[in-house]
1. What residue, among those in segment 32-62 that are assigned to a helix (DSSP H, G or I) and within 10 Å of ligand 1 (Cβ to nearest atom), is surrounded by the fewest Cβ atoms within 10 Å (Cβ to Cβ)?
2. From the list Arg55, Arg31, pick out the single residue that is touching a strand residue (DSSP E or B) at 6+ places or on another chain (Cβ under 8 Å) and under 15 Å from Leu83 (Cα atoms).
3. Could you tell me which numbered condition Phe138 fails, if it satisfies all but one of (1) assigned to a helix (DSSP H, G or I); (2) more than 22 Å from Pro25 (Cβ to Cβ); (3) not assigned by TED's automatic domain parsing to the domain that holds Asp245?
4. Taking into account only those residues within segment 195-215 that are over 21 Å from Met268 (Cα atoms) and in contact with a Gly (Cβ under 8 Å, 6 or more places away or on another chain), which is nearest to ligand 1 (Cβ to nearest atom)?
5. Counting only residues that are over 19 Å from the mean Cα position of the chain (by Cα) and not in a loop (DSSP other than H, G, I, E, B), which one in segment 195-210 is farthest from ligand 3 (Cβ to nearest atom)?
6. Restricting to segment 68-113, name every residue that is within 15 Å of ligand 1 (Cβ to nearest atom), outside any strand (DSSP E or B) and in contact (Cβ under 8 Å) with a residue 24 or more places away in the chain.
7. Modelled with pLDDT of 95 or more, of a type outside the set (Ser, Thr, Tyr), assigned by TED's automatic domain parsing to the domain that holds Asp153 and over 24 Å from the mean Cα position of the chain (by Cα): is that true of Val72 in this structure?
Amino acid sequence: MKALVYNGPRDVAVLDVPDAKIEKPTDVLVRITSTNICGSDLHMYEGRTDMESGRILGHENLGEVVEVGKAVERIKVGDRICLPFNVACGFCENCERGLTGYCLTVNPGTAGGAYGFAGMGPYEGGQAEYLRVPFGDFNCLVLPPDAEDKENDYVMLADIFPTGYHAVELAGLQPGETIVIYGAGPVGLMAAHSAMIRGASKVIVVDTHKDRLALADKLGAITVDNVEQEGVERILELTHGMGADCGCECTGYQCCNQKGHEVPNLTMNNLVKTVKATGGIGVIGVFIPEDPGAKDELAKKGQMAFDFGHFWFKGQKIRTGQANVKAYNRRLCKLIEADRAKPSMIISHELPLEQAAEGYKNFDARKQGWTKVVLKPGQP
Ligand SMILES: NC(=O)c1ccc[n+]([C@@H]2O[C@H](COP(=O)([O-])OP(=O)(O)OC[C@H]3O[C@@H](n4cnc5c(N)ncnc54)[C@H](O)[C@@H]3O)[C@@H](O)[C@H]2O)c1
Ligand SMILES: [Zn+2]
Ligand SMILES: [Zn+2]
């Protein structure tokens, strides 16, 4: 089959690789029809993780079931399904509690597995013609009858829509409250969409990319085009000097200053400044335990100069981590089916799998107009 293979930093290519196949009786085999490029793929693409060369990328996957293992009961050949980016067992202590992003079975020695991901187990990615899905009965979300018509919406259930929703959940947003979101990438935009759906009175989105901010505006957010002190002051002005009721970090360890230079503690310290006293901060932007590629000495060790005194004084709360996609995807799916959510509105490019390398290059450059890329294996 054809698949997008990671060869090394900024070097990916579509190659012929051995076909994905059923390996265990609980597996499902899926023919992938939509698979997105994510901001998380870019950490690997840029060589800022320990991703092994030769592996297939892709954790935002949707397709049609073509074969099921002998022990699979619920999922049938022909079902159109979307897969959470997390690979989970469904029966461990964490899965039982709905924390499928921290499954204890699928990646022994640590918590949490994912398709095509550094440090998240041996699972190949779905930027390919076929994908092997472990624990198929548990992991597959069977899509409604309009699955094909709304495929570009439903594929966002694999990651960014539930992840944006999770950011808002971690921040603790209540109806009528205000929220500030750092990052207008796909995840930040989905956090803004989720906050509107959850009844925020004011959603403020911060970034430096005008095309991305324009989408935030379309979603009903107020935009702030400055990630430094000027932006902080603007947010305080918009929130009567108090700061927003809560805030989200949707950028991660590669966050930048106004000139585009990495300053790893910028978003976290700005959140402390722009969220009100006692407010919650939800951090779904990725931060990693070691970042040898960082320029900053602390960041190399996964640390940052965090404004803890200010944070403590304000009595704020921080919650972090991978999104547990299964905790939300079924209900967010119903919002799409009912036309109450339209996550596909951020898609800028649909490309055949063969053009994946071009998609990576442009999305990685945050090139104007490249806001979200969906790859379509099997389409010319
Ligand atoms: N926790 C999870 O489960 C989960 C899931 C998916 C993605 N992620 C992570 O979420 C983050 C965002 O993903 P994405 O796909 O939207 O990525 P992206 O890189 O496309 O978007 C990040 C955005 O942040 C902006 N930004 C940079 N510095 C900033 C600053 N100082 N202030 C405000 N905005 C700033 C960038 O201009 C960019 O538009 C990444 O770290 C990704 O790995 C986490
Ligand atoms: Zn993703
Ligand atoms: Zn589990």
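1. Applying the first criterion (assigned to a helix (DSSP H, G or I)) to segment 32-62 yields 39-45.
Still in the list and also within 10 Å of ligand 1 (Cβ to nearest atom): 39-44.
Values: Gly39: 24, Ser40: 26, Asp41: 27, Leu42: 19, His43: 21, Met44: 23.
Going through the qualifying residues, I end up with Leu42.
2. Just one listed residue meets the conditions, Arg31.
3. (2)
4. Narrowing segment 195-215 to residues over 21 Å from Met268 (Cα atoms): 196-201, 210-211, 214-215.
From what's left, in contact with a Gly (Cβ under 8 Å, 6 or more places away or on another chain): 196, 199-201, 211.
Working: Met196: 17, Gly199: 23, Ala200: 18, Ser201: 22, Asp211: 9 Å.
Looking at the filtered set, the residue picked out is Asp211.
5. Lys210
6. Passing the criteria: Pro84, Phe85, Ala88, Gly98, Leu99, Thr100, Gly101, Tyr102, Gly112.
7. So Val72 passes the test.
Results for (1) within 12 Å of ligand 3 (Cβ to nearest atom); (2) among the polar types (S, T, N, Q); (3) under 25 Å from Thr251 (Cβ atoms), shown as yes or no for each residue.
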{"site": "Arg31", "(1), (2), (3)": "no, no, no"}
{"site": "Ser40", "(1), (2), (3)": "no, yes, yes"}
{"site": "Ser53", "(1), (2), (3)": "no, yes, no"}
{"site": "Ile56", "(1), (2), (3)": "no, no, no"}
{"site": "Glu64", "(1), (2), (3)": "no, no, no"}
{"site": "Gly69", "(1), (2), (3)": "no, no, no"}
{"site": "Leu104", "(1), (2), (3)": "yes, no, no"}
{"site": "Gly116", "(1), (2), (3)": "no, no, yes"}
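The values are calculated or read from the model by the stated rules, or taken from the named source; none is laboratory data. The structure presented is a predicted model; accordingly, all values stated were derived computationally and were not measured. Backbone-built Cβ (ideal geometry, glycine too); neighbour counts: all protein chains shown.
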